[in-house]
Amino acid sequence: MIPELGHLALILALCLAALQAWFGIVGAQRGDAVWMAAVRPAAMVQSLFVLAAFAVLAYSFLISDFSVQYVAENSNVLLPWPYKITAVWGAHEGSLLLWVSVLGLWTLAVSFFSRHLPQEFAARVLGVMGLVSLGFLLFMLTTSDPFTRLLPAAEQGRDLNPILQDPAMAIHPPMLYTGYVGFSVAFAFAVAALLGGRMDAVWARWSRPWTLIAWLFLTFGITLGSWWSYYELGWGGWWFWDPVENASFMPWLVGTALVHSLAVTEKRGAFKNWTALLAIAAFSLSLLGTFLVRSGVLISVHSFASDPKRGIFILGMIGVFVGAALTLYAWRAPTLVRGGSFQPFSRETLLLLNNIFLVVAAASVLLGTLYPLLMDAFGLGQLSVGPPYFDSVFIPVMLPFFILIGIGPFVRWKHGDVSLTTRTLRMAGIAALLAGAVSLVLVHAEDGLMLAAGVLLAAWTGSSALVEPWNWWRRRREGRHGSLSRATLGMCAAHFGAALLVLGISVTSVLGVEQDLVVKPGQTVEVAGYKFDFVGVQDVQGPNYTARQGTFQVSHKGRDLGSMSPEKREFASIGNETTEAAIDPGLFRDLYVALGNPLDAGAWSVRIQYKPLVRFIWLGGLFMMLGGLLAASDRRYRRGARAEIAEAAMVSERA
Amino acid sequence: MTPARYRRLFAVLFVLAGVGVATVLGLTAFRKNILYYYTPAQVASGAAEPGRPFRMGGLVAMGSVQHVPDSLTVHFVLTDMQKSVPITYTGILPDLFREGQGIVVHGVLGDDGRFTADEVLAKHDQKYMPPEVAAAIKKAQQQEAATSKP
């Protein structure tokens with residue numbers, strides 16, 4: 001009975017989403033105040049019904065109701081209860097429900113925080129979001145109903161895929177989806193502005209905090225995914241250029257470009273067309289990501305679906321959304337008034353370059369991801385492009401990009417002053433050159449030049465990100481008046497995070513050590529100066545698995561570092577085996593031991609790795625996220641609409 | 001030219017130059033790094049260029065796995081039920097590598113017809129078979145059925 005209530009809630013949500021879309025878009029077009037007034041309640045109740053359906057599915061998992069097919073396929077009585085909840089999004093149907101539920105949360109948030117917006121505009125935004133809900137609810141109810149019954153009920157569930165039984169993996173999908181779906185808000189704002197024919201600095205100011213929040217969640221989701229694959233999947237790799245990773249990386253790149261171009265639109269009223277196009281592109285790429293991951297065109301851990309109907313449905317939906325949005329764009333964009341003019345050396349130019357680099361990077365990822373799929377789809381042979389392609393495209397694009405990150409914030413809007421910028425950045429430049437030179441002299445590695453370039457760029461970006469906070473602190477100390485807005489501080493934090501990321505990637509790629517070895521019990525091996533004493537392997541019983549656990553005593557220069565215990569886990573209910581690496585974490589280096597295969601006479605093959613600064617990669621991601629959080633909470637987004645409109649009118653006049 | 005036009009021309013040229021450089025870079029990298037996928041039958045018929053890395057999918061032939069003692073080197077045979085290719089791999093095998101399992105290898109074909117793999121992939125599912133492998137096996141079975149009929 002209860003699962004049927006969940007199904008009913010989805011049907012009601014579908015009807016309400018249709019009303020929400022109709023009242024919002026048509027009501028705003030006709031200027032019908034009564035219709036527009038109905039949009040917000042419709043949106044809220046629609047969201048609540050979706051969330052109720054989600055709660056019902058979670059409840060079915062908690063009580064192990066194996067008469068629901070989806071529960072029977074993805075849970076087990078023995079599964080620890082937190083994983084029973086996260087198993088809700090462990091496969092296709094449930095993760096779609098999660099998608100729609102996250103959209104429901106965003107819709108609720110927009111309903112609450114859009115009261116200060118003009119009624120017409122708010123109605124259009126919610127109307128467009130209603131259309132998106134409608135599409136996904138229709139998709140779920142026609143092809144992937146999570147509440148389908150299994151008769152007779154199964155006695156025992158098939159269990160959750162063991163590699164998903166992990167804390168980071170449990171929260172990775174919700175974070176990622178919050179980012180993906182959050183771009184639907186930026187999309188809805190852009191479409192609403194195009195529909196209303198009014199796109200200006202005020203619009204950018206309304207849209208910006210939403211975009212920043214979506215972006216920071218996507219950043220967090222990608223960071224979590226990378227960290228998870230490092231310790232669970234990848235034998236110590238942190239990024240594989242796997243199509244599924246690319247699926248989340250492309251919207252991130254375009255979303256990053258969008259965050260920057262929104263700054264230009266807000267401050268200077270320029271780049272309006274381009275910003276609208278980026279907002280459409282970011283959401284389209286989010287949809288494409290959903291399609292790639294959920295349609296089963298990619299064969300990987302993430303692809304659960306194998307029903308071709310589903311792929312065609314999502315593809316059709318992308319076609320409708322993107323096609324309609326681009327048509328609207330082509331029709332409306334030429335009518336938008338051009339923004340302020342600017343000189344070749346100005347912050348506008350630098351942000352334009354930022355956008356070009358990011359979009360080129362996204363396009364190259366898109367090419368490498370889609371080309372093999374298209375070739376295969378048209379029967380032109382099976383091929384793939386691996387990490388070498390992405391590396392050789394990405395590195396040359398990112399080198400100039402990171403030089404510009406350091407310069408951009410110190411160039412004035414409209415009309416830059418070369419000598420002022422040079423003076424401000426003198427110290428950062430010296431620090432960067434010094435760091436690069438030191439790395440070149442001290443480190444003799446195979447890719448020493450690459451490392452020096454990475455260190456130089458990281459030092460440049462990092463120290464230039466510190467310039468503003470440093471100046472502020474100095475002014476404060478001297479008792480002079482100085483202010484540092486959260487927006488500026490957020491930018492500095494995010495750029496500093498980018499510096500940490502580059503440093504982590506360069507150092508761990510060039511100086512990391514990875515060795516595959518054969519070890520016998522009692523034998524000691526040495527990797528990168530660390531001694532690993534192999535004690536042996538014993539059997540260990542877990543809640544829903546049995547494991548063979550190896551023990552290594554680790555020491556460094558005579559100092560005991562304790563023991564490391566990598567495992568091989570066997571999940572009887574699924575017949576699956578996973579490798580649990582043992583990691584000795586540190587801020588500056590990780591030691592990583594993974595068991596390979598048992599060989600003759602108690603010997604094992606093992607992979608031992610020394611990974612210097614690998615944590616800086618994720619630390620960088622967290623700093624970027626923090627930057628987004630600071631920027632989104634800036635004072636000016638929390639002020640009333642009246643002040644906003646007055647101020648933005650001034651921006652337009654100046655422009 | 002007015003300053004505004006000059007500015008616009010400058011911007012357009014800049015964008016074009018950037019996109020041009022990126023396209024050249026991208027396509028060069030693309031051509032160099034395209035990785036083809038073959039089945040053992042295609043390899044046996046000489047489709048693969050020796051010395052250039054490619055990927056190959058198939059089943060690990062029953063009874064073919066031989067570990068070289070005290071090393072990480074393993075020899076096995078990859079088959080699509082039609083043709084077989086001997087493989088040598090040094091390193092750690094994935095969790096689900098076993099005889100009869102569908103896998104994908106990445107490496108180079110030697111002049112002697114032996115494939116030296118630097119990567120062996122098996123997916124995290126016991127029942128999983130790479131779709132290419134499934135297709136190749138199906139094709140081989142159909143051909144067998146067709147040849148045995150008359």
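The values are calculated or read from the model by the stated rules, or taken from the named source; none is laboratory data. All of these numbers come straight from a predicted model, not from anything done at the bench. Quick reminder, even Gly has a Cβ in these numbers, built from the backbone with ideal geometry, and neighbours come from all protein chains shown.
Scanning for something more than 10 Å from chain A (Cβ to nearest Cβ) and either surrounded by fewer than 17 Cβ atoms within 10 Å (Cβ to Cβ) or over 30 Å from A:Arg338 (Cα atoms) (or both), does segment B:18-26 turn up at least one residue? Let's see the steps before the verdict.
Taking segment B:18-26 and keeping what is more than 10 Å from chain A (Cβ to nearest Cβ), we get B:20, B:24.
If we keep only those that are either surrounded by fewer than 17 Cβ atoms within 10 Å (Cβ to Cβ) or over 30 Å from A:Arg338 (Cα atoms) (or both) too, we end up with B:20, B:24.
Yes: one or more hits.
What single numbered condition from (1) modelled with pLDDT of 90 or more; (2) touching a Lys or Arg at 6+ places or on another chain (Cβ under 6 Å); (3) not β-branched (Val, Ile, Thr) fails to hold for A:Gln553? Evaluating A:Gln553 over (1) modelled with pLDDT of 90 or more; (2) touching a Lys or Arg at 6+ places or on another chain (Cβ under 6 Å); (3) not β-branched (Val, Ile, Thr) leaves (2) as the failure. Selection within segment B:27-38: residues that are under 18 Å from A:Val397 (Cα atoms) and facing another protein chain (nearest Cβ under 7 Å). The member of this set that is nearest to the chain's Cα centre (by Cα) is B:Asn33. Residues that are more than 12 Å from chain B (Cβ to nearest Cβ) and in contact (Cβ under 8 Å) with a residue 60 or more places away in the chain were ranked within segment A:407-416; the one that is surrounded by the most Cβ atoms within 10 Å (Cβ to Cβ) is A:Val411.
Are any of the residues in segment A:565-586 within 12 Å of chain B (Cβ to nearest Cβ), of a type in the set (A, V, I, L, M), under 36 Å from the mean Cα position of the chain (by Cα) and in a strand (DSSP E or B)? No: segment A:565-586 contains no residue that is within 12 Å of chain B (Cβ to nearest Cβ), of a type in the set (A, V, I, L, M), under 36 Å from the mean Cα position of the chain (by Cα) and in a strand (DSSP E or B). Among residues that are more than 11 Å from chain B (Cβ to nearest Cβ), surrounded by 15 or more Cβ atoms within 10 Å (Cβ to Cβ) and not charged (D, E, K, R), A:Leu370 is included.
Residues in segment B:47-56 that are modelled with pLDDT of 85 or more and not basic (Lys, Arg) were compared, and the one that is surrounded by the fewest Cβ atoms within 10 Å (Cβ to Cβ) is B:Pro53. In this structure, does B:Phe10 turn out to be in a helix (DSSP H, G or I), within 9 Å of another protein chain (Cβ to nearest Cβ) and surrounded by 12 or more Cβ atoms within 10 Å (Cβ to Cβ)? Yes; evaluated as a whole, the condition is true for this residue. Only residues that are more than 20 Å from the chain's Cα centre (by Cα), within 13 Å of another protein chain (Cβ to nearest Cβ) and touching a residue at least 12 places away in the same chain (Cβ under 8 Å) were counted across segment B:57-72, and they come to 3. Taking segment A:469-484 as the region of interest, how many residues are surrounded by 10 or more Cβ atoms within 10 Å (Cβ to Cβ), part of a helix (DSSP H, G or I) and more than 32 Å from the chain's Cα centre (by Cα)? Selection size over segment A:469-484: 5.
Quick one: which of A:Leu517, A:Leu503 is in the same structural domain as A:Ala528 (by TED's automatic domain parsing) and in contact (Cβ under 8 Å) with a residue 24 or more places away in the chain?
Working: A:Leu503 fails: in the same structural domain as A:Ala528 (by TED's automatic domain parsing).
Selected residue: A:Leu517, the only one of A:Leu517, A:Leu503 that is in the same structural domain as A:Ala528 (by TED's automatic domain parsing) and in contact (Cβ under 8 Å) with a residue 24 or more places away in the chain.
For segment A:15-68, a residue qualifies if it is within 16 Å of A:Met129 (Cβ to Cβ) and in contact with a Lys or Arg (Cβ under 7 Å, 6 or more places away or on another chain), and the qualifying residues are A:Gly24, A:Ile25, A:Ala28.
Whether any residue in segment A:77-94 is under 21 Å from A:Ile213 (Cβ atoms) and surrounded by 24 or more Cβ atoms within 10 Å (Cβ to Cβ) is what I want to check.
Initial filter on segment A:77-94 (under 21 Å from A:Ile213 (Cβ atoms)): A:89.
When the remaining residues are screened for being surrounded by 24 or more Cβ atoms within 10 Å (Cβ to Cβ), the result is A:89.
Within segment A:77-94, one or more residues are under 21 Å from A:Ile213 (Cβ atoms) and surrounded by 24 or more Cβ atoms within 10 Å (Cβ to Cβ).
Mind checking which helices (runs of 4 or more DSSP H) fall wholly inside segment A:6-116 and carry at least 1 residues that are in contact with a Phe, Trp or Tyr (Cβ under 7 Å, 6 or more places away or on another chain), among the aliphatic types (A, V, I, L, M) and under 23 Å from A:Thr142 (Cα atoms)?
Details: elements: A:27-30, A:33-62, A:69-74, A:81-86, A:92-112.
By residue number, A:33-62, A:69-74, A:92-112.
Just checking, which of A:Arg158, A:Arg208, A:Arg115 is on the phi < 0 side of the Ramachandran plot and without any contact (Cβ under 8 Å) to a residue 40 or more places away in the chain?
Working: A:Arg158 fails: without any contact (Cβ under 8 Å) to a residue 40 or more places away in the chain; A:Arg208 fails: without any contact (Cβ under 8 Å) to a residue 40 or more places away in the chain.
That would be A:Arg115, the only listed residue that is on the phi < 0 side of the Ramachandran plot and without any contact (Cβ under 8 Å) to a residue 40 or more places away in the chain.
Identify the residue in segment A:164-199 that is within 14 Å of chain B (Cβ to nearest Cβ) and buried (at least 20 other Cβ atoms within 10 Å of the Cβ) and, among all such residues, is farthest from A:Ala28 (Cα to Cα). Only one residue tops the list, namely A:Gln165. The conditions of being within 30 Å of A:Thr579 (Cβ to Cβ) and either modelled with pLDDT under 90 or not basic (Lys, Arg) (or both) are not met by A:Ile213. Cβ separations smaller than 6 Å between residues 6+ apart or across chains give the following pairs from segment A:565-576 residues that are among the aromatic types (Phe, Trp, Tyr) to residues that are in a loop (DSSP other than H, G, I, E, B): A:Phe571/A:Tyr545. In segment A:377-399, what count of residues is obtained for those that are surrounded by fewer than 17 Cβ atoms within 10 Å (Cβ to Cβ), at the interface with chain B (Cβ under 9 Å from one of its Cβ atoms) and either in contact (Cβ under 8 Å) with a residue 40 or more places away in the chain or in a helix (DSSP H, G or I) (or both)? Summing the residues that are surrounded by fewer than 17 Cβ atoms within 10 Å (Cβ to Cβ), at the interface with chain B (Cβ under 9 Å from one of its Cβ atoms) and either in contact (Cβ under 8 Å) with a residue 40 or more places away in the chain or in a helix (DSSP H, G or I) (or both) in segment A:377-399 gives 4. State yes or no: is A:Ser555 in contact with a Leu (Cβ under 8 Å, 6 or more places away or on another chain), small (Gly, Ala, Ser) and away from chain B (no Cβ under 14 Å)? Yes, satisfied. Looking at segment A:510-519, is at least one residue more than 32 Å from the chain's Cα centre (by Cα), over 30 Å from A:Val443 (Cα atoms) and surrounded by fewer than 19 Cβ atoms within 10 Å (Cβ to Cβ)? Taking every residue of segment A:510-519 in turn, none turns out to be more than 32 Å from the chain's Cα centre (by Cα), over 30 Å from A:Val443 (Cα atoms) and surrounded by fewer than 19 Cβ atoms within 10 Å (Cβ to Cβ). Scanning segment A:133-184 for residues that are under 27 Å from A:Met1 (Cα atoms), modelled with pLDDT under 90, under 28 Å from the mean Cα position of the chain (by Cα) and of a type outside the set (S, T, N, Q) gives A:Asp159, A:Leu160.
For segment B:58-81, how many residues are buried (at least 20 other Cβ atoms within 10 Å of the Cβ) and under 30 Å from A:Gln523 (Cβ atoms)? Total satisfying the criteria: 4. Among residues that are out of contact with any Asp or Glu (no Cβ under 8 Å at 6 or more places or on another chain), farther than 28 Å from A:Phe616 by Cα and of a type in the set (D, E, K, R), A:Lys531 is not included. Among the residues of segment A:592-610, those that are within 11 Å of chain B (Cβ to nearest Cβ) and outside any strand (DSSP E or B) comprise A:Leu599, A:Asp600, A:Ala601, A:Ala603. Scanning segment A:323-352 for residues that are surrounded by fewer than 18 Cβ atoms within 10 Å (Cβ to Cβ), modelled with pLDDT of 85 or more and part of a helix (DSSP H, G or I) returns A:Gly323, A:Ala324, A:Leu326, A:Thr327, A:Leu328, A:Ala330, A:Trp331. When segment B:87-122 is limited to residues that are over 15 Å from B:Phe54 (Cα atoms) and part of a strand (DSSP E or B), the one that is nearest to the other protein chains (Cβ to nearest Cβ) turns out to be B:Thr90. Any residue at all in segment A:626-633 that's more than 30 Å from B:Asp70 (Cβ to Cβ), in a loop (DSSP other than H, G, I, E, B) and in contact with a strand residue (DSSP E or B) (Cβ under 9 Å, 6 or more places away or on another chain)? No: segment A:626-633 contains no residue that is more than 30 Å from B:Asp70 (Cβ to Cβ), in a loop (DSSP other than H, G, I, E, B) and in contact with a strand residue (DSSP E or B) (Cβ under 9 Å, 6 or more places away or on another chain).
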